[in-house]
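Read through the structure below, which is laid out as structure tokens, and then see the notes.
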Amino acid sequence: MKQTVLVSGGAGYIGSHTAVELINAGFGVVIADNLSNSDMSGVEGVRKITGVDVPFVNVDCCDKEAFSKVFEQYDFDSVIHFAAYKAVGESVADPMKYYRNNLLSFMNVIDLMREYGRHNIVFSSSATVYGEADQLPVTEQTPRKPATSAYGNTKQMCEDILRDSVAAYEALNGIALRYFNPIGAHPSALIGELPRGVPQNLVPFITQTAAGVRECLSIFGDDYPTPDGSCLRDYIDVVDLAKAHVVAIARMIDGKSKTRYEIFNVGTGNGTSVFELVRGFERVNNLKLNYKVAPRRPGDVVAIWADTALANEELGWKAERSLDDTLASAWAWEKHVRGL
Ligand code: UFG
């Protein structure tokens, strides 16, 4: 077995998929999660898919004392830090909840890595740091725009915390992965996204509408300056995204980083409109979706998609799963959750 990786937030959507891909690639995994926005089904799914009895610690990364026990107990040199709140609207309504949780947990990870002599960290950043970009597609050099939510601000601040920490502490190597719009589920349908309450993101709302849990999907705006009037996003399959974490960790372990702090976009390089996504979902899964056009959602950017050249060249990583397969996997997962 290769080295062990601590996956904070590993019971959640992207964390659980990444745990699976790490194990598939021969890494050991320890999952730390306080289950604040997930449950044990994510961990059990990882164990079932891989056949490995992955260790799980129920701990809040904001509780440094409790979190330090994970560093005492397990021998890992690398950390992938997913543990964070991620609801944009909630972060606007309750910014302190986001600053306290997302910043403190990340600072604790870095402090503990230093205290316990651990070296490599991947941080979950987001395309949200680009805001409404002046040029498309966005490269890693595209200037960040001032954040429009506390959530987005925590992503920018954590990137800066990582940059400054790596600059100051020689033993530390960091990679920030800027995710575009992660969707879909593992082909086994044993793990996937489990939003609590009314989904805020497009694909979970679509699958819940198809399952009859929601009556009607609202398409937020059809009068944007885009070919069909709806917003454009770069929808990245969650398994492809998970694999980007594996190559990022391996790059640091193998000493292949060009600089000790690096940033990579993780997307497909394609912009897809909301209408295209909805129609694709209907076609691939052979069903009709109840939807209507609704007013624009405040805060939405018109269009964003990734330039993925840097990840392709430096990480040797490329999105592989087709949008059709991803949309089929999202529906298979929803059916699994609903017992359909
Ligand atoms: N949309 C709808 N109806 C819905 C939900 C979404 O039409 O019920 C549209 C949105 O208006 C947007 C597109 O679908 O045009 C995608 O919306 P999501 O909420 O799925 O994703 P966002 O692009 O808004 O969110 C992403 C990430 C966040 C990040 C945010 C920055 O999921 O983590 O970008 O704006 F913060």
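The values are calculated or read from the model by the stated rules, or taken from the named source; none is laboratory data. Computed from a predicted structure; not experimentally measured. Positions of Cβ are generated from backbone atoms using ideal geometry, with glycine treated the same way; all protein chains shown enter the neighbour counts. Ligands, DNA and RNA are excluded from the accessible area calculation, which covers all protein heavy atoms including side chains. Shrake-Rupley method; radii C 1.70, N 1.55, O 1.52, S 1.80 Å.
Points to keep in mind about this one:
- Restricting attention to region 245-278 and to residues that are of a type in the set (A, V, I, L, M, F, W, C) and within 16 Å of the ligand (Cβ to nearest atom), the residue that is farthest from R144 (Cα to Cα) turns out to be V278.
- For L22, the conditions (1) more than 19 Å from R114 (Cα to Cα); (2) open to solvent by 10 Å² or more (accessible area, probe 1.4 Å); (3) of a type outside the set (G, A, S); (4) touching a strand residue (DSSP E or B) at 6+ places or on another chain (Cβ under 6 Å) are fulfilled apart from (2).
- Scan of region 282-298 for residues that are within 12 Å of the ligand (Cβ to nearest atom) and open to solvent by less than 50 Å² (accessible area, probe 1.4 Å), ordered by number: L289, A294
- Close pairs (9 angstrom Cβ cut-off, 6 or more residues apart or separate chains): at positive phi and outside any helix (DSSP H, G or I) in region 268-284, within 14 Å of the ligand (Cβ to nearest atom) and open to solvent by 30 Å² or more (accessible area, probe 1.4 Å) anywhere: G269/W305
- Some residue of region 81-103 being more than 16 Å from the ligand (Cβ to nearest atom), within 25 Å of A248 (Cα to Cα) and part of a loop (DSSP other than H, G, I, E, B): no
- A87 at pLDDT below 95 and over 19 Å from L177 (Cβ atoms): yes
- Strands (runs of 3 or more DSSP E) contained entirely in region 1-58, each with at least 3 residues that are aliphatic (A, V, I, L, M): 4-8, 28-33
- The residues in region 231-259 that are assigned to a loop (DSSP other than H, G, I, E, B) and either over 16 Å from A311 (Cα atoms) or hydroxyl-bearing (S, T, Y) (or both) can be counted, and the count is 5.
- Residue check, V57 farther than 22 Å from L241 by Cα, touching a helix residue (DSSP H, G or I) at 6+ places or on another chain (Cβ under 8 Å), open to solvent by 60 Å² or more (accessible area, probe 1.4 Å) and among the hydrophobic types (A, V, I, L, M, F, W, C): no
- Region 211-240, residues that are within 12 Å of the ligand (Cβ to nearest atom) and at positive phi: G221, G229
- So R297, is it more than 21 Å from the chain's Cα centre (by Cα) and either in a loop (DSSP other than H, G, I, E, B) or modelled with pLDDT of 95 or more (or both): yes
- Any hit, region 205-228, residues being under 12 Å from the mean Cα position of the chain (by Cα) and in contact (Cβ under 8 Å) with a residue 40 or more places away in the chain: no
- The set of residues from region 326-340 being open to solvent by 30 Å² or more (accessible area, probe 1.4 Å) and either touching a His at 6+ places or on another chain (Cβ under 9 Å) or not hydrophobic (A, V, I, L, M, F, W, C) (or both) comprises K335, H336, R338, G339.
- Only one entry in G51, G28 is surrounded by fewer than 19 Cβ atoms within 10 Å (Cβ to Cβ) and touching a residue at least 40 places away in the same chain (Cβ under 8 Å), namely G28.
- Looking only at region 269-281, and only at residues there that are polar (S, T, N, Q) and out of contact with any Ser or Thr (no Cβ under 7 Å at 6 or more places or on another chain), the one that is least open to solvent (accessible area, probe 1.4 Å): T272
- Condition check for A242: open to solvent by less than 30 Å² (accessible area, probe 1.4 Å) and in contact with a Leu (Cβ under 9 Å, 6 or more places away or on another chain): yes
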